[in-house]
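Structure first, commentary second.
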Amino acid sequence: MSFRTYAQVSGTDSSGLADQIAAQRAQVRERLRSVRRVVAVMSGKGGVGKSFVTAALAARAAARWPDRVGVVDADLRSPTVARLLGAAGPLRVTDAGVHPATGTGGVRVMSTEFLLDAGRPLAWREPGAEQFVWRGTLEAGVLREFLGDVVWGELELLLVDLPPGADGVADLAALVPELTGALAVTIPSDEARQSVARALRAAVEAGIRPLGVIENMAGYRCAGCGQTNPLFPGDAGAALAAEFGIPLLVRLPFVAGAGPAREAAGAERIVEALA
Amino acid sequence: MKFLCLECDEQMRFAERQQPGDGTFAAAFHCPKCGRSVALLANPMETQLVSSLGVKIGGRTLDRQPMELARGAMLGRDDAFDDGKGNDGGKGEGGRGKEPLPAPTWSADATERLERVPNFVRGMVKRIYADYAKEHGLAEITPEVMDRARSELGLEGL
């Protein structure tokens, strides 16, 4: 017995899965049609202050473009950016979709922070076992819904705060082919440089344009005397910028007790670069 | 996915789907030429794989709901979403430009069953059953109607 191939059987797909996946992609594309720039904020390494930088950048961008800035917290398992921006649920649902929460300066925010019970980890109803097999698929689906089912409206800038690691940026590129580019956040250490370099390489290989490097915790600024002293050894920001031929957009010192607003001057430089 | 009737060399057509329990997903296909039917039985792992993609075997019979996957599959807080219209969710009578239809009533048993659905998704679930009842001209939603809707619409776990 010899079988024809799938393509040789000319009828339409009986499961309808391909059409539905295509419709999901179309929904994301259509929803983001009114968004001028979609920029990923990424880092290969956790704990570098990526969400903090994202919040500062969003707040600063909102000063330039009032009510026209949004943030997708793609760090589904460890959401923090919504809290930094002072955004809270519940989320309003209409026929148009789910409306984002509003934070500092009118920044529109979507995050699992609004969906998860306080202190509870990201978890799924089904199945009880073997969750590791499809957890990634479910998370990718939720990120797709954050992009495609949310009423973002007319935006000048939509920032996507990615989880630490190298693969998130490639997943985002698959969902949003029109991605404007990616900002990489690092701290000065050589360990961070290696990790962020991997993530940047993944971005480049996924066809994403790296827009620049932000070096966070570049020294410790004394609140008393105002002097900045070294905090971590290394020059990862400059090294990454040179390796990838992209600008080192800003070096932000650590200031104890300061909120995202303290990034204003540095964030303004990044907004200028994106404008 | 395509099913070919080897006897007729004809592509079989999707007929219906059911979730009879134990995480099994069943989809029936029939040959338009000879009428022969076959059923695809997916094990729970395969069922979950398809559910995780946010798609329905055989295509959708109801419009997608906003953030359907996050609202239906994620364990979360009861008050995460506010549809602003109670459980009706803005898709009440004539909500999408159709002829106004009387809202179906809920039997006591059906109401009790609905109350077991987490608040997190209850509004969406109620809306789906109400839409199903309207489309089928049913004046009352009973547990039997809910079972039928679940089978026909592939509403796992609702």
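A few points about this structure:
- For segment A:129-166, a residue qualifies if it is assigned to a loop (DSSP other than H, G, I, E, B) and at the interface with chain B (Cβ under 10 Å from one of its Cβ atoms), and the qualifying residues are A:129, A:130, A:149, A:151.
- Any chance residue A:90 is facing chain B (nearest Cβ under 8 Å), open to solvent by 60 Å² or more (accessible area, probe 1.4 Å) and at pLDDT 90 or above: yes
- Restricting attention to segment A:189-205, the residues that are buried (at least 19 other Cβ atoms within 10 Å of the Cβ), out of contact with any Leu (no Cβ under 8 Å at 6 or more places or on another chain) and among the aliphatic types (A, V, I, L, M) add up to 4.
- Residue B:39 vs. criteria facing chain A (nearest Cβ under 7 Å), over 15 Å from the mean Cα position of the chain (by Cα) and at pLDDT 85 or above: no
- Restricting attention to segment A:103-120, the residues being hydroxyl-bearing (Ser, Thr, Tyr), open to solvent by 50 Å² or more (accessible area, probe 1.4 Å) and touching a strand residue (DSSP E or B) at 6+ places or on another chain (Cβ under 6 Å) number 0.
- Among the residues of segment A:145-187, those identified as open to solvent by 20 Å² or more (accessible area, probe 1.4 Å), under 24 Å from residue A:205 (Cβ atoms), touching a Lys or Arg at 6+ places or on another chain (Cβ under 9 Å) and not small (Gly, Ala, Ser) are A:163, A:164, A:175, A:177, A:178, A:179, A:180.
- Segment A:66-81, subset more than 12 Å from the chain's Cα centre (by Cα) and either crowded, with 18+ Cβ neighbours inside 10 Å or closer than 27 Å to residue A:136 by Cα (or both), residue nearest to the other protein chains (Cβ to nearest Cβ): A:77
- Exactly one residue out of A:185, A:250, A:204, A:213 is among the hydrophobic types (A, V, I, L, M, F, W, C) and part of a helix (DSSP H, G or I): that is A:204.
- Lone qualifier among B:54, B:59, B:92 - being assigned to a loop (DSSP other than H, G, I, E, B), within 23 Å of residue B:147 (Cα to Cα), at pLDDT 75 or above and open to solvent by less than 20 Å² (accessible area, probe 1.4 Å): B:54
- Residue among A:236, A:241 that alone is buried (at least 18 other Cβ atoms within 10 Å of the Cβ) and in contact with a Leu (Cβ under 6 Å, 6 or more places away or on another chain): A:241
- For segment A:260-275, residues that are open to solvent by 30 Å² or more (accessible area, probe 1.4 Å) and either at pLDDT 75 or above or part of a loop (DSSP other than H, G, I, E, B) (or both) total 5.
- For segment B:17-34, a residue qualifies if it is open to solvent by 60 Å² or more (accessible area, probe 1.4 Å) and within 12 Å of chain A (Cβ to nearest Cβ), and the qualifying residues are B:22, B:30.
- Sole residue being small (Gly, Ala, Ser) and at positive phi, chosen from A:141, A:105: A:105
- Residue A:7 being more than 24 Å from residue A:274 (Cα to Cα) and either away from chain B (no Cβ under 14 Å) or out of contact with any Phe, Trp or Tyr (no Cβ under 6 Å at 6 or more places or on another chain) (or both): yes
- Residue in segment A:84-101 that is among the β-branched types (Val, Ile, Thr) and assigned to a helix (DSSP H, G or I) present: no
- Test for residue A:63: is it more than 28 Å from residue A:201 (Cα to Cα) and either touching a helix residue (DSSP H, G or I) at 6+ places or on another chain (Cβ under 6 Å) or not in a loop (DSSP other than H, G, I, E, B) (or both): yes
- Tallying residues that are outside any helix (DSSP H, G or I), over 16 Å from the mean Cα position of the chain (by Cα) and either at pLDDT 75 or above or surrounded by 15 or more Cβ atoms within 10 Å (Cβ to Cβ) (or both) within segment B:102-117 yields 4.
- Of the residues making up segment A:206-220, those that are surrounded by fewer than 19 Cβ atoms within 10 Å (Cβ to Cβ) and more than 17 Å from residue A:270 (Cα to Cα) are A:206, A:207, A:219, A:220.
- Counted residues, segment A:9-58 - those being surrounded by fewer than 14 Cβ atoms within 10 Å (Cβ to Cβ), of a type in the set (S, T, N, Q) and at pLDDT below 85: 1
The values are calculated or read from the model by the stated rules, or taken from the named source; none is laboratory data. Note that the coordinates shown come from a computational prediction; the quantities given were computed from them, not determined experimentally. Note that each Cβ is placed from the backbone with ideal geometry, even for glycine, and that neighbours are counted across all protein chains shown. Please note that ligands, DNA and RNA were not included when accessible areas were found on the heavy atoms of the full protein model with its side chains. Shrake-Rupley method; radii C 1.70, N 1.55, O 1.52, S 1.80 Å.
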